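S.K.: This is the structure I have questions about; it appears just below.
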Amino acid sequence: MKKYKLIANPAAGTHRSRHIAALVVELLGQRNIEFDLEFTAAPKHAAEIAVRSCKDFDAIVAIGGDGTVHEIAGAMLDCETPLGIGPAGSGNDLIKSLGIPNDVRAAVDCLVAGRTRTIDAGTINGLCFVNVVGIGFDAAVNHNSHGIRWPASGRFRYVMALITTLGTYSPLPLTVTLGGSTVTQDLFLLTIGNGTTCGGGFRLTPHAKLDDGLLDVTFVKPISVPRLLWHLPKVFQGTLDRVERYASMRQVTKLRIESTLPVPVHVDGEVYRGDTSRLDIEVIPKALKVIGKLYPG
């Protein structure tokens, strides 16, 4: 009989995760599935639990948001035990690329079905990420969203943070090296995606695939507020690449970003607090075994 290790972050999803963890426990109990539930008590605790639990359980299940998944995934690279997800965050972006439903009951059905995939990950100055790195406006909005407690929904909270950020943000001069060329230019934002979405559904790297051995990079040039708001629906629709005057996309295995100014950066929705004067980003092919739908969509 399979045995699952459940790791729950009690602070995730504006503290919704305790309720969701209880529901996951109830649903697994109804299926007579053996499990062990442990709540995290501090930053990095989830990674510690995952490392010591990997060999004793058939799956490690992160109950939380993208930040919780980010921490646990970084501890499970090249581990044969698969990572499952009980969505309990405000954004829950990675599950969208994995085809895991946002509804907890449906997500548990997916978990119990146990279909595994091996996906890529990435590193930014040695720090692992599994979904997305945002640099510039995207990251500034993300940083500001952490101070907003209502609305709780990731997308609407992100939109509110976007509106409050518009009046204070200025494009940044960045030097980007990728594909054998180096370009220095002012950029509104630069997003590097292993997955397709961030901020609860903003599809800044809509063509990214988790298992293609590549990272998708989206460049957005400086853009006025009216034009940004006009084109914003295309971000939700995944058609930002049609705005050729402002946006362009590339696929790479690695890139370097340099700046002489402080740069806002987020990694899987978490504020990056390392050195931003030089950011080396690289894909790690076939790095993480996960439970999800074989073919999302």
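The values are calculated or read from the model by the stated rules, or taken from the named source; none is laboratory data. All values derive from a computational prediction rather than experimental measurement. Cβ sites come from the backbone with ideal geometry, for glycine too, and all protein chains shown count toward neighbours.
S.K.: Exactly one condition in (1) in contact with a Lys or Arg (Cβ under 6 Å, 6 or more places away or on another chain); (2) closer than 23 Å to Ala41 by Cβ; (3) of a type in the set (Asp, Glu) is false for Glu71; which is it?
M.R.: Unmet for Glu71, out of (1) in contact with a Lys or Arg (Cβ under 6 Å, 6 or more places away or on another chain); (2) closer than 23 Å to Ala41 by Cβ; (3) of a type in the set (Asp, Glu): (1).
Residues are listed down the side, and each one gets a yes or a no for (1) surrounded by 21 or more Cβ atoms within 10 Å (Cβ to Cβ); (2) acidic (Asp, Glu); (3) within 23 Å of Gly269 (Cβ to Cβ); (4) free of Cβ contacts under 8 Å to residues at least 12 places away in the same chain:
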position: His19; (1), (2), (3), (4): no, no, yes, yes
position: Leu27; (1), (2), (3), (4): no, no, no, no
position: Glu34; (1), (2), (3), (4): no, yes, no, no
position: Ala41; (1), (2), (3), (4): no, no, yes, yes
position: His45; (1), (2), (3), (4): no, no, yes, yes
position: Glu48; (1), (2), (3), (4): no, yes, yes, no
position: Val51; (1), (2), (3), (4): no, no, yes, no
position: Cys54; (1), (2), (3), (4): no, no, no, no
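S.K.: Please find, among Thr177, Thr196, the residue that is at pLDDT 95 or above, of a type in the set (Ser, Thr, Tyr), assigned by TED's automatic domain parsing to the domain that holds Lys221 and in a loop (DSSP other than H, G, I, E, B). So that I can check it myself, show each step before the final result.
M.R.: Numbers: Thr177 fails: in a loop (DSSP other than H, G, I, E, B).
Of Thr177, Thr196, the one residue that is at pLDDT 95 or above, of a type in the set (Ser, Thr, Tyr), assigned by TED's automatic domain parsing to the domain that holds Lys221 and in a loop (DSSP other than H, G, I, E, B) is Thr196.
S.K.: Could I ask something else about it? Can you name the residue in region 222-262 that is assigned to a loop (DSSP other than H, G, I, E, B) and without any contact (Cβ under 8 Å) to a residue 40 or more places away in the chain and, of all such residues, is surrounded by the most Cβ atoms within 10 Å (Cβ to Cβ)?
M.R.: Step one: list which residues in region 222-262 are assigned to a loop (DSSP other than H, G, I, E, B), which gives 222-224, 238-239, 243-246, 253, 259-262.
This time we only want the ones that are without any contact (Cβ under 8 Å) to a residue 40 or more places away in the chain, so: 223-224, 239, 243-245, 262.
Working: Ile223: 19, Ser224: 9, Thr239: 14, Val243: 17, Glu244: 7, Arg245: 9, Pro262: 9.
Per the criteria, the residue is Ile223.
S.K.: Of the conditions (1) modelled with pLDDT under 95; (2) in the same structural domain as Lys221 (by TED's automatic domain parsing); (3) not acidic (Asp, Glu), Leu294 satisfies every one except a single condition; which number is it?
M.R.: Condition (2) is where Leu294 drops out.
S.K.: Part of a loop (DSSP other than H, G, I, E, B), among the basic types (Lys, Arg), in contact with a helix residue (DSSP H, G or I) (Cβ under 7 Å, 6 or more places away or on another chain) and surrounded by fewer than 14 Cβ atoms within 10 Å (Cβ to Cβ) - does that describe any residue in region 146-166?
M.R.: Step one: filter region 146-166 for residues part of a loop (DSSP other than H, G, I, E, B), giving 146-153.
Then drop every residue that is not among the basic types (Lys, Arg), which leaves 149.
Going one step further and asking which of them are in contact with a helix residue (DSSP H, G or I) (Cβ under 7 Å, 6 or more places away or on another chain), we end up with 149.
Now drop any that are not surrounded by fewer than 14 Cβ atoms within 10 Å (Cβ to Cβ), which leaves 149.
For region 146-166, residues part of a loop (DSSP other than H, G, I, E, B), among the basic types (Lys, Arg), in contact with a helix residue (DSSP H, G or I) (Cβ under 7 Å, 6 or more places away or on another chain) and surrounded by fewer than 14 Cβ atoms within 10 Å (Cβ to Cβ): present.
S.K.: Take Arg105 and decide whether it is out of contact with any helix residue (DSSP H, G or I) (no Cβ under 6 Å at 6 or more places or on another chain), more than 19 Å from Glu26 (Cβ to Cβ) and either buried (at least 21 other Cβ atoms within 10 Å of the Cβ) or at pLDDT 90 or above (or both).
M.R.: no
S.K.: I've got another one for you. Using beta carbons and a limit of 9 Å, which pairs, at least six apart or on different chains, have the first residue in region 143-170 and of a type in the set (D, E, K, R) and the second one assigned to a helix (DSSP H, G or I) and at pLDDT 70 or above?
M.R.: Arg149/Arg157; Arg155/Phe236; Arg157/Ser145
S.K.: Go through the residues of region 269-277 one by one and say whether even a single one is surrounded by 15 or more Cβ atoms within 10 Å (Cβ to Cβ), under 21 Å from the mean Cα position of the chain (by Cα) and of a type in the set (Asp, Glu). Even if it seems obvious, please write down each step before you answer.
M.R.: Step one: list which residues in region 269-277 are surrounded by 15 or more Cβ atoms within 10 Å (Cβ to Cβ), which gives 269-270, 272, 276.
Restricting the remaining residues to those that are under 21 Å from the mean Cα position of the chain (by Cα) gives 269-270, 272, 276.
Retained after the next criterion (residues that are of a type in the set (Asp, Glu)): 270.
Yes, that holds for at least one residue.
S.K.: Which residue, of Asp93, Asp138, Asp120, is buried (at least 19 other Cβ atoms within 10 Å of the Cβ), in contact (Cβ under 8 Å) with a residue 60 or more places away in the chain, assigned by TED's automatic domain parsing to the domain that holds Val24 and in contact with a strand residue (DSSP E or B) (Cβ under 6 Å, 6 or more places away or on another chain)?
M.R.: Values: Asp138 fails: assigned by TED's automatic domain parsing to the domain that holds Val24; Asp120 fails: assigned by TED's automatic domain parsing to the domain that holds Val24.
Testing whether each residue is buried (at least 19 other Cβ atoms within 10 Å of the Cβ), in contact (Cβ under 8 Å) with a residue 60 or more places away in the chain, assigned by TED's automatic domain parsing to the domain that holds Val24 and in contact with a strand residue (DSSP E or B) (Cβ under 6 Å, 6 or more places away or on another chain) leaves just Asp93.
S.K.: Kindly indicate which of Ile135, Ile85 is β-branched (Val, Ile, Thr) and within 22 Å of Val235 (Cβ to Cβ).
M.R.: Working: Ile85 fails: within 22 Å of Val235 (Cβ to Cβ).
Going through Ile135, Ile85 in turn, the sole match is Ile135.
S.K.: Select from region 96-106 the residues that are small (Gly, Ala, Ser) and in contact (Cβ under 8 Å) with a residue 60 or more places away in the chain and write down the one among them that is farthest from Ile291 (Cα to Cα). Talk me through it step by step, then tell me what you get.
M.R.: Taking region 96-106 first, the residues small (Gly, Ala, Ser) are 97, 99, 106.
After this cut, where a residue has to be in contact (Cβ under 8 Å) with a residue 60 or more places away in the chain as well, the list is 97, 99.
On the way: Ser97: 12, Gly99: 10 Å.
In this case the residue turns out to be Ser97.
S.K.: On to the next question. Condition check: of a type outside the set (Phe, Trp, Tyr) and surrounded by fewer than 22 Cβ atoms within 10 Å (Cβ to Cβ). Does Leu127 satisfy that?
M.R.: Numbers: of a type outside the set (Phe, Trp, Tyr): yes; surrounded by fewer than 22 Cβ atoms within 10 Å (Cβ to Cβ): yes.
Against the criterion (of a type outside the set (Phe, Trp, Tyr) and surrounded by fewer than 22 Cβ atoms within 10 Å (Cβ to Cβ)), Leu127 qualifies.
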